[in-house]
Structures are given as C-alpha cells and as structure tokens.
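All remarks here apply to the structure that follows.
The values are calculated or read from the model by the stated rules, or taken from the named source; none is laboratory data. Given the structure is predicted, the values throughout are model-derived calculations rather than measurements. We place every Cβ from the backbone using ideal geometry, glycine too, and count neighbours over all the protein chains shown.
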Amino acid sequence: MSNRIGILGCGWLGTPLAESLRAKGNIVRGSTTREEKVNQLSQKGIEAGVLRLGEREIEGNPETFLKGLDCLVVNIPPGLRKDSRADFTARIRLLETYLQQAAIPHLVFVSSTSVYGASQERVTEADPPMPDSQTGRQMLEAEKVLLGNTARTTQILRPGGLIGSDRHPVFTLSGKHIPSGGNERVNLVRRQDLLQILSLLIANPSLPGIFNAVFPEHPSKREYYTREAIHFGISPPVYGDSPAPPKGKKVSGPALKALGYSFAHSIWTPDLPSHPGDIEGED
C-alpha cells in the first residue's frame, strides 16, 4: 500500500528525497516557494504546489497540501542569514496550527546541530542543547513547539553541515584569511547519507525522538578544508591561529546507530581514507 508523504520544502535536499520516495511507490506531495518550479516537480511525478510559510500567514493552500498525508517532512531554512530579524519560531508555530487541524500522524522536522553550542564539546541526543547563535536558539524553540504535540509521532533530525558534489563550503572559504577557528572540529554530513536517514525515519512512523546526523569523523577545519581545497585545485583558506589538536563541538548520534544505521559516504572528496586523528570514539 502506498503512503502519502508530503515534503514542505523541495529544494536541494527535498527534491531528491521526493524523487526517491516516489521511486519506491509512494504518493509524494511537495511544496516550493517558486511558481516556475511547480512544473519541474510535476514532471517528476510529484504533486506540487506553491506554499510560502510566513510568520502570520501561509501563502497558498496549506489545508489542501496537508490533507490525507501519512507523513510530513518539514525541510525549510530559518532564513536568518538573509534577514536577522526573521522569526522562524513564529513560522513553525503557525504551521503547527495547520498540522493539528489536519491531524498529521507522523512528522519529520529537519533541524540542525546549531542547537548545540560550540562550548559543549562532545554531545549526543541525550545532552541538553545550549545554542550560542540566533539560528540555534530559534531552531531549538521550533523543535519544542513541534514536540509539544504528543498526538502524533514527531521525529527531530539534527544534521551537521550539508555537503554534496554540487555544494561544498570550501569554495566559499577558498583563499580567505580567517583570524581564528582553524582548530575547531567540523561536523558534516553528505546529502546521500541524509537522504537514506530520512527514508529510514519515514519508514518508522511509530518511533518518536531526536536523531543527530553527523559523519563520525571530526578533523579540524584547517585540516579538512586544506585537504579539500588541494583536491579541488583551489587555494585553501588561511587560518590565523596556530595549529593545535582539534577542539570544540563534536556531535555524535547513538540514536541512529541504535536503529542500525551506518554512515556510508565519507566527508572527504572523493571518498578518501579516514584520517587517523579525530574519529568518533577516540579522544
């Protein structure tokens, strides 16, 4: 029997997720904020529509979009980089009123490891988040809003920084002089892994909880971005602080491990051998 799955936010992550779920025989409904993308999604067999989630209203037809869904994946950016005054929590609070009206039984919310502060060092799902950024604070408040509805299964997915063959921060950092932070650990995950993790959560509608999604290798930014820049043939970033052992936030995810998930896609490009230094499980 096919499931009806909605994806709120068919962008860089949501679109391939929708295609994957559609290929497995599910009926997939996807939203976009751009009119011109509706036809592109429709050609992929996705029931597409325009929804723009604001702080006071949702442009489009959220009632029709949500009607009859077995599962909804919420994958929308907080938008604080473009507008520091944006209230992402208010948008999620508004969305929650529609979710309750539609009686959505299963929700997957794509959050972020930004809910953990840089000073927390090693963290798992069992550790209380202490965000030190506006994005992290609003993400955490949004999680609380959604977790407050106990009438459904709510799964919170906290991925690290997302990378893929067509998306890598090294290109933005290339050649830049960065005063500090070279010894801070990276917490990254490839899109391929995250798509598999999302499919796993969707397939487990009776398992609520919080799930960290970070590749279990945490080299320093200096080491990681230098090696990646060399691989791509571009200038590496130059960090002003002196080299030292990796430090700072190190996110691990025993909750996914308990589900039997093993990360299959290295953060190194291409799949380079793991560095012997800062692998999860070692101090």
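Taking segment 152-173 only, how many residues are surrounded by fewer than 17 Cβ atoms within 10 Å (Cβ to Cβ), part of a loop (DSSP other than H, G, I, E, B) and either among the polar types (S, T, N, Q) or at pLDDT 95 or above (or both)?
Final tally of qualifying residues: 1.
Of the residues Asp241, Asp193, which single one is under 30 Å from Leu107 (Cα atoms) and of a type outside the set (S, T, N, Q)?
After applying the criteria, what remains is Asp193.
Got a number for residues in segment 27-60 being under 22 Å from the mean Cα position of the chain (by Cα), within 28 Å of Ile163 (Cβ to Cβ) and not in a helix (DSSP H, G or I)?
12
Quick one: which residue in Asp83, Asp193, Asp132 is out of contact with any strand residue (DSSP E or B) (no Cβ under 6 Å at 6 or more places or on another chain) and more than 19 Å from Val214 (Cβ to Cβ)?
Step by step, each of Asp83, Asp193, Asp132 is checked, and only Asp83 is out of contact with any strand residue (DSSP E or B) (no Cβ under 6 Å at 6 or more places or on another chain) and more than 19 Å from Val214 (Cβ to Cβ).
Condition check ((1) among the hydrophobic types (A, V, I, L, M, F, W, C); (2) out of contact with any strand residue (DSSP E or B) (no Cβ under 7 Å at 6 or more places or on another chain)) across all residues:
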residue	(1), (2)
Thr32	no, no
Asn39	no, yes
Lys44	no, yes
Leu53	yes, yes
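May I ask you to list the residues in segment 72-87 that are farther than 14 Å from Gly9 by Cβ and surrounded by 13 or more Cβ atoms within 10 Å (Cβ to Cβ)? Even if it seems obvious, please write down each step before you answer.
So in segment 72-87, the residues farther than 14 Å from Gly9 by Cβ come out as 80-87.
Selection gives Leu80, Ala86, Asp87.
Would you pick out the residues in segment 175-195 that are more than 13 Å from the chain's Cα centre (by Cα), in a loop (DSSP other than H, G, I, E, B) and crowded, with 16+ Cβ neighbours inside 10 Å?
Gly182, Asn183, Val186, listed by residue number.
Within segment 72-85, track down each residue that is farther than 13 Å from Val110 by Cα and within 19 Å of the chain's Cα centre (by Cα).
Gly79, Leu80, Arg81, Lys82
Would you tally the residues in segment 6-35 being more than 12 Å from Leu72 (Cβ to Cβ), polar (S, T, N, Q) and crowded, with 23+ Cβ neighbours inside 10 Å?
1
Mind checking which pairs have a first residue in segment 127-141 that is free of Cβ contacts under 8 Å to residues at least 60 places away in the same chain and surrounded by 15 or more Cβ atoms within 10 Å (Cβ to Cβ) and a second that is of a type in the set (Lys, Arg) and in a helix (DSSP H, G or I), Cβ under 7 Å, 6 or more apart or different chains?
Going by the 7 Å Cβ cut-off, the qualifying pairs are Pro131/Arg137.
I need the full set of residues from segment 201-218 which are in contact with a helix residue (DSSP H, G or I) (Cβ under 8 Å, 6 or more places away or on another chain) and not small (Gly, Ala, Ser), in order please.
Passing the criteria: Ile202, Leu207, Ile210, Phe211, Asn212, Val214, Phe215.
Any idea which residue in segment 200-252 is surrounded by the fewest Cβ atoms within 10 Å (Cβ to Cβ), counting only those that are among the aliphatic types (A, V, I, L, M), part of a helix (DSSP H, G or I) and over 20 Å from the mean Cα position of the chain (by Cα)?
Filtering first and then ranking leaves Ile230.
When the residues of segment 1-26 are filtered to those that are of a type in the set (S, T, N, Q) and within 23 Å of the chain's Cα centre (by Cα), which remaining residue is nearest to Pro105 (Cα to Cα)?
Here is the first cut: in segment 1-26, the residues of a type in the set (S, T, N, Q) are 2-3, 15, 20, 26.
After this cut, where a residue has to be within 23 Å of the chain's Cα centre (by Cα) as well, the list is 3, 15, 20, 26.
Details: Asn3: 12, Thr15: 22, Ser20: 21, Asn26: 16 Å.
Result: Asn3.
Looking at segment 201-221, which of the residues that are among the hydrophobic types (A, V, I, L, M, F, W, C) and touching a residue at least 60 places away in the same chain (Cβ under 8 Å) is farthest from Asn75 (Cα to Cα)?
Val214
Of the residues that sit in segment 88-116 and are part of a loop (DSSP other than H, G, I, E, B) and either touching a strand residue (DSSP E or B) at 6+ places or on another chain (Cβ under 7 Å) or at pLDDT below 95 (or both), which one is surrounded by the most Cβ atoms within 10 Å (Cβ to Cβ)?
Tyr116
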